[in-house]
Amino acid sequence: MPIRVLPDALINQIAAGEVIERPASVVKELVENALDAGASKVVVEVDNGGSKLIRIADNGSGIARAEIPLALTRHATSKLATLDDLEAIRSLGFRGEALPSIASVSRLQLKSRVAYEETGTQAERLGSEHWNLQPVAHPVGTTIEVWDLFYNVPARRKFLKAERTELGHIEDWLRAIALSRPDVDLSLKHNGKPVFRAAAIGDAMNALLRVKDTLGAPFAEQARRIDFQHAGIALSGWVGAPTQARAQADQQYFYVNRRLVRDRLVAHAVRQAYADVLFHGRHPCYVLFLDIDPRAVDVNVHPAKSEVRFRDGRQVHDFLFRTLHEAMAEFRAGSSDSAPTAVAPVPAWAPAETAAAANAMRPFQAPMPLTQRPSLADTAALRALYAPTQASPAQIAEHATTHTAADTQAHAPPLGYAIAQLHGIYVLAQNDAGLVVVDMHAAHERITYERMKQSVDAASLRSQMLLVPMRLHVSSREADLVEQHAGDLEALGMHLRRIAPERIELSRVPVEIADLDLEQLTRDLLSDLREHGQSRRLIEVRDELLAGMACHASVRANRRLSIPEMNALLRDMEATERSGQCNHGRPTWVQLGLADIDRWFLRGR
């Protein structure tokens, strides 16, 4: 066929194919327009999952009568005018394609009124292109009705799912946007029945109520609040406890300048931050808001505006990782979201030997020289270096002095005081809330691991020369990365240099990884640098080795602990970062409330 200009109707349908995937896409585009118009209340009504009818009414600023024909024209918008505007997008919508694209695959009616006009205006399509405008009674704001979605594109209509499925997509998106706009009243009705309502929240401190409504009470009760700023970037929101991780990534909400996005760079940074505390194959839960200069992020990279591109991706990745990594450190046993846990002093009523025994258990005795570390198979040597210090007979003796329950509750630290050991596996302790059950091996494993990491970090990474330097063929881009990041790699104990346009040489590596597959590790490292601008692979490999050593060095099942040793373990848990989970992501302790125990025995009924 000869080259020719496509008809407007076909152009609009092509644009609709990029933007309008299903009824939820229509809801997204129209609700975003309402929010951009300053609406404080948005009502969404749908029939048959949105395939029959989608009606969206808002109390925003409305559209003037003279501008309505333009609003229904492609590439017409009030949200930007110049290239400078495009490079600093502050609105949710800006392409000027939503209304004409939706109208090209449905029967659309628009009613709107601005404050300075006495009556509203109704727009309906007559024929294929012409819009009929007539006066109509309407409050300030806009109402849009979309009938028979994809009626003229039967192939697209066949791809719609069941009514309940399409409604679920609409509700999920509305709940997501409600998290970022607690100041707006949002509601959804389906076939005339209320489905969802998020009332506007005047106090920003109560925004957690919407988080609770969307992600559930357990998340809201255990999530940690984040609010951090650095170098013009701010991160706020809530991160879920590692023990709340899910099999699917269905409770991950990340917003850039209040725009919900899915971004590989963000996902990678979050995954790395959780790597040390997450069980294999699980996905963390979070609601996070990144605020950044609009000029530093490009939101015009995807027709549906669901992806972004950062001008300095490495800076953003590093900021996210460090902030979230520090947040994970605060998930220590016995801690709460309101304040970090401090190690509680020995209460006044405790006998003298209790105070002496409180420090009897020290899972980490001394730093292990990196050049002298035994192999993972050398269990005896590991235990000698990292096993708990044995308490003296006087310290191990049971306490002769007793105390009342009231005294215990008045002075008990977060994890309470040990009262028994169960089957040589679990430590039972009493605290203010009730009963604490601790997996002693998992807890001691985390304590040992964290102290081993601190010791290695303090000594810095040591490296050793390879007997025969390893030479690798790589792409020219990868060889460029070796030159660009030579200093960063050297700081990690890895000496790489470029020896030809597409060849590199590895001559020195950290002691911990000398026995690994260095070629594969180097290629993985370069892949990380190419994809994310940085790599933590060496540190992750080192930590994996340390985690294995900590597991071998920790107290085993059936090891009898004295009361002082158990109490020392509890105090160490309260003082150790990430002690809520073992090195493999399993929980180290659980809390059983006194009220729950009372219900077991029907007390108070």
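Coordinate-derived values only; no laboratory data. Bear in mind the structure is a predicted one, so any value in this text is a computation, not a measurement. Because the Cβ atoms are built from the backbone with ideal geometry, glycine has one as well, and the counts that use them run over all protein chains shown.
Points to keep in mind about this one:
- Efficiency of FRET between K212 and V468 - r from beta-carbon atoms, R0 60 angstrom, step 0.05: 0.50
- Extension gain (nm, one decimal) between Y151 and L86, 0.36 nm per residue minus Cα-Cα: 20.0 nm
- With the simple model of a label 7 Å out from the Cα in the direction of the Cβ, E21 to E531 spans 2.1 nm.
- The Cα atoms of segment 204-329 define a convex hull whose projected area, averaged across directions, is 7.7 nm².
- Segment 87-178: trypsin sites (Lys or Arg not before Pro) in DSSP coil with no more than 15 other Cβ atoms inside 10 Å: R90, K158, K161
- Per the Cα gyration tensor, segment 462-536 maps to an equivalent ellipsoid with semi-axes of 18, 14, 11 Å, ordered largest to smallest.
- Loop trypsin sites (Lys or Arg not before Pro), segment 194-269, which have at most 14 other Cβ atoms in a 10 Å radius of their Cβ (DSSP): R262
- At full extension, A304 and D598 could sit 100.5 nm farther apart than now, given 0.36 nm per residue minus the alpha carbon distance.
- Summed side-chain charge close to A88 - residues other than A88 whose Cβ falls under 11 Å, Lys, Arg +1, Asp, Glu -1: -3
- Net charge dipole size for segment 462-536 [Lys, Arg +1 and Asp, Glu -1 on Cβ; Debye, nearest 20]: 200 debye
- Distance between segment 133-161 and segment 212-278 - C-alpha centres, whole angstrom: 35 Å
- Basic side chains Lys and Arg get +1 at the Cβ, acidic Asp and Glu get -1 at the Cβ, and with that the dipole of segment 8-198 about its Cα centre reaches some 640 debye.
- Positive contributions from Lys and Arg (+1) and negative ones from Asp and Glu (-1), summed over other residues with Cβ under 9 Å from the Cβ of R309, come out at -2.
- Out-of-range pairs (alpha-carbon distance over 27 Å; input K111/K158; K52/K111; K212/K453; K158/K212): K111/K158; K212/K453; K158/K212
- Note on E124 and H230: the model spin-label points, each 7 Å out from Cα along the C-beta direction, lie 6.0 nm apart.
- Between L6 and D517, the distance separating the two model label sites (each 7 Å from Cα on the Cα→Cβ line) works out to 4.6 nm.
- Basic side chains Lys and Arg get +1 at the Cβ, acidic Asp and Glu get -1 at the Cβ, and with that the dipole of segment 223-298 about its Cα centre reaches some 180 debye.
- Cut-off 13 Å, label 7 Å out along Cα→Cβ of A329, residues of segment 564-584 by amide N: 576-579
- Cα convex hull of segment 8-198 - mean projected area over all directions, nm²: 10.8 nm²
- Sorted peptide list for 303-315, 565-577, criterion being average Cβ within 10 angstrom, highest first: 565-577, 303-315
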